[in-house]
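Presented below is the structure to which this report refers.
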């Protein structure tokens, strides 16, 4: 079955057509065969009667020719006698001698033997006539005539009986023929119906994959690539088309996915680059704004420091020098990436300046794991956080304010913690700061221009992790701690 | 998919099945048709020749012979049955000889013509068995008949019974005693038959009567010839007897037809009770006539046995070249005393 369905479409269609035709052809052959048999039977019905009639005619010829010969002794009649006797003999020899239950067979047998006797009697008669033995030929003539009568009686009786029986047979045959007709028509009709149903089913089975394919193609055409793909059932042309279609749909789908992925990647990349650039530019812009004065200030401070040294005012010199370093860092540092050490130094300088300004009010505690100091981090991040802590945490606390800077390792992170014991911060504000929605007060004094949100954004971009900055506060008055977690570089 | 496959499979199977069944039906139909023409084939073919194939008696003998022959794969025909014309025994003999049958059973008589025909058949190598009527001078291999002497004695006893009954009646009526006349016993014999059997029957009858102490004055046996040469002469001959002045007291019939004719004549001439008929053969009508008291008694012959003996004789001859010269079939007397049993038996047979 499957082998047939795997044939090419053309062969399949031709196969179905031929199968149906052959079936009908076979039925017709049967019909013709049956009709032929019937016709033969019909032909044979009155065969026996014809045979008997021929026999009867032949024996009459023999008898007549003998009589004519006896009465006139002509050569013609003798010749006639020989011919007719030969003919009669041939006919009688053809008769069977079986003895059966059928009376016909026995009668035929008797006719045959009587005919033999009759022929020998007749030939004896003719012989005697030739020998002119009057007594003898009369005697034989009488005997043969007697036999002739018996044979005729037998033939006519048999003829009538057989006619009756044959007529019955004929009637039976005729009714059989009608039955045969009915059966044939029934068979032909049933075979036809079977044929039609088979063709409908087979053609349906052939066409169904094509329909499925059309449905799927429609779906795909509307843009639904996730439609159920039809299974190629057979390896015919339709099966090949379905296979090709399926492959095509799958590869289109794959291609689209790949395209989308690469586009997304590229966009991400571009976005990141853009953001980094934007933030840096933003920071630099702010610095530049801030540096307009610091450059000049830095030079001025340098001059002041030298003056203080010459005058022997060491403390003043140191202070001016620190301020100068602080501003120098700002001025020279155009790079986005620096080491933790540089940042920590900047914080040191910043605290020192503040302490001079606020006469040593701020306590600065520092716990630094020196092994981690070479770790890279974005520039200008720690100082704004410390500035924030001073401004918003401990400013109003006088000499009680403490700033703690810790650099330590935690798992695979390098942690930089900046804590204070100031007035703390509410969780609401922490969330706002981390979410980037805290309202700035740009015009605040002594602000170096870089806000927390800028710092956090840059740290996030740098580390590519959203939780890079954590702010902890145990409530109002209990201080605040900002922890930066940077990934440990791979070589350490 | 599976549903479709199944449907397709079923349809194709159904179609092929229809085709095959159609072809088979046709084939068996035709075979059946031909088979009706097929019949047994037999090795040998005998014929039975009688004067009238329609007679109950002969049909019954034929039936017995037919059954016996069939067992030996031989077919036996009652010759003349299938022919349009009525042929005499002699003509049928000629047909049988010309037909080269394997054996002839013939109801013969002692005529020379029959002797010649039997001899001719023997010359042709066809064994002939004479049945019921013999032809002693011929070369027939065997005779199958009834014990004529026994039949005669049975008739004698029955006649004596009738005489005794009459004696009793006469003694009761002294008037009659004085006018006692001898009982007229008429035996109907066929004219054509130089049949020794008939003579034996008559002599046995006489012998029995004298043995049974019947005085000669008490009975008088006469022989009335019945012309059976022509087709309907038997009936006329028998009626002639009743047209005579002196009607016999006892009529003894020696064949079935005579019995039936005599019985009908007695009824027609209103002589029931006056004339006692001693019949022959136990056809249905004769037995029922005994039951009604119209026929005094009849002889029942074991016809089946007779037929069997005929076939036996022929097949013995074919097998061993010789056979017993005489076969005698059993005879039984049926009269008023045992007719009921016979009727019962017939009913059972039917």
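If you check A:182, A:210 for being more than 8 Å from chain B (Cβ to nearest Cβ), within 35 Å of the chain's Cα centre (by Cα) and in a helix (DSSP H, G or I), only one passes: A:210.
Output yes when any residue across region B:75-85 is free of Cβ contacts under 8 Å to residues at least 40 places away in the same chain, at positive phi, more than 9 Å from chain A (Cβ to nearest Cβ) and not in a helix (DSSP H, G or I), and no when none is. Yes, there is a match, as at least one residue in region B:75-85 is free of Cβ contacts under 8 Å to residues at least 40 places away in the same chain, at positive phi, more than 9 Å from chain A (Cβ to nearest Cβ) and not in a helix (DSSP H, G or I). Screening residue A:233 on (1) in a helix (DSSP H, G or I); (2) facing chain B (nearest Cβ under 9 Å) shows it passes everything except condition (1). Looking across B:121, B:69, one residue alone is within 14 Å of chain A (Cβ to nearest Cβ), under 16 Å from residue A:150 (Cβ atoms), touching a strand residue (DSSP E or B) at 6+ places or on another chain (Cβ under 6 Å) and assigned to a helix (DSSP H, G or I). It is B:121. When we screen A:27, A:62 for residues that are crowded, with 16+ Cβ neighbours inside 10 Å, assigned to a helix (DSSP H, G or I) and more than 11 Å from chain B (Cβ to nearest Cβ), the only hit is A:62.
Looking only at residues in region B:86-118 that are more than 10 Å from chain A (Cβ to nearest Cβ) and closer than 17 Å to residue A:154 by Cα, the one that is surrounded by the most Cβ atoms within 10 Å (Cβ to Cβ) is B:93.
Candidates in region A:103-125 are the residues that are without any contact (Cβ under 8 Å) to a residue 12 or more places away in the chain and surrounded by 17 or more Cβ atoms within 10 Å (Cβ to Cβ); of these, the one that is nearest to the other protein chains (Cβ to nearest Cβ) is A:106.
When residue B:54 is tested against (1) in a helix (DSSP H, G or I); (2) surrounded by fewer than 20 Cβ atoms within 10 Å (Cβ to Cβ); (3) within 19 Å of the chain's Cα centre (by Cα); (4) away from chain A (no Cβ under 13 Å), only condition (1) is not met. The residue pairs whose first member lies in region B:206-222 and is part of a helix (DSSP H, G or I), whose second member is at pLDDT below 85, and whose beta carbons are closer than 7 Å, counting only pairs six or more residues apart or on different chains, are B:209/B:219; B:217/B:182; B:218/B:182; B:218/B:183.
Looking across A:175, A:198, one residue alone is assigned to a helix (DSSP H, G or I) and in contact (Cβ under 8 Å) with a residue 24 or more places away in the chain. It is A:198.
Screening residue B:131 against (1) within 25 Å of residue A:155 (Cα to Cα); (2) crowded, with 21+ Cβ neighbours inside 10 Å leaves a single unmet condition, (1). Taking residue B:234, is it outside any helix (DSSP H, G or I) and modelled with pLDDT of 80 or more? Taking the combined requirement at face value, the residue does not satisfy it. Considering the conditions (1) assigned to a helix (DSSP H, G or I); (2) over 26 Å from the mean Cα position of the chain (by Cα), residue B:264 is excluded by exactly one of them, (2). Note on region A:132-147: residues that are buried (at least 18 other Cβ atoms within 10 Å of the Cβ), in contact (Cβ under 8 Å) with a residue 60 or more places away in the chain and within 14 Å of another protein chain (Cβ to nearest Cβ) amount to 1.
Flag not set for residue B:294, criterion: assigned to a strand (DSSP E or B), buried (at least 21 other Cβ atoms within 10 Å of the Cβ) and at negative phi.
The values are calculated or read from the model by the stated rules, or taken from the named source; none is laboratory data. A quick note: this is a predicted structure, and the numbers were derived from the prediction, not measured. Using ideal geometry, Cβ is built from the backbone for each residue, glycine included, and neighbour counts are taken over all protein chains shown.
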